[in-house]
Amino acid sequence: MKNKIYDRETLAGVLEKLRTQKKKIAFTNGCFDILHAGHVRYLADARAFADVLVIALNSDASVKRLKGDARPVNTLTDRMTVIAALESADYVTSFNEDTPVETLALLKPDIHVKGGDYIAEKIPEYATVTAYGGTVRIVSFHKGYSTTSIIERSKR
């Protein structure tokens, strides 16, 4: 399997080379703490927008701030390894902030993909993406899938 996991700075150089080849680049992000079918479907949908899909994962510290002290269940290294194994993932990176604004400003993907539970103009990343000429696309939400609900069910 080819290496798909890169730090942001190295990945920026890789993406720049892909742009010279006229490749369209999509980007999405998330915690992806316990991978489930909803995630897999979402990532496949995101991949359909472009030639290349970059998936950025929240660091362990970022997940803890967003989801609480009991999270993440899986370490960043483990989460990145699982995501990189997916066919839809071309490149995987991580970020420590609560939102991927800094990562988007560095990588400048053509399309930033979010799940259907968001409104494009209301996400924190919208201004950054549109400022460099990118677009935000919202994909359908796959109902019935939630890492939090999986954790709750497993406790019962």
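Okay, here's what the table says:
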item: Cα lying deepest toward the dipole's positive end in the stretch 8-155, options 113, 103, 130, charges on Cβ; result: 113
item: Choice from 25, 123, 111 with maximal GNM fluctuation in the chain (Cα, 10 Å cutoff); result: 123
item: Length-normalised contact order of the chain in % [C-alpha pairs under 8 Å, at least 6 apart]; result: 29 percent
item: Packing-based exposure ordering (other Cβ within 10 Å, fewest first) of 102, 125, 87; result: 87, 102, 125
item: Radius of gyration and Dmax over the Cα atoms of the stretch 8-155, both given in Å; result: 14.7, 50
item: Viscosity 0.692 mPa s, 37 °C: Kirkwood-radius Stokes-Einstein D of the stretch 56-95 over Cα pairs, µm²/s; result: 314 µm²/s
item: Cα gyration tensor, the stretch 51-122 - rounded (a/c under 1.5), prolate or oblate; result: oblate
item: Choice from 136, 14, 113 showing the highest fluctuation, given a GNM over the chain with Cα pairs closer than 10 Å; result: 14
item: Cross-link pairs 4/114; 4/67; 4/64; 24/67; 24/122; 24/64 - those with Cα-Cα distance over 30 Å; result: 24/67; 24/64
item: Whole-Hz ³J(HN,Hα) from phi, Karplus 6.51 cos²θ - 1.76 cosθ + 1.60, for the stretch 102-108, glycine and proline x; result: 5, 5, 5, 4, 7, 7, 6
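Read-outs throughout are calculated quantities, based only on the coordinates presented, and are distinct from any laboratory measurement. Owing to the predicted nature of the structure, the values given are computational and were not obtained by experimental measurement. Counting neighbours? That spans all protein chains shown, and the Cβs are built from the backbone with ideal geometry, glycine included.
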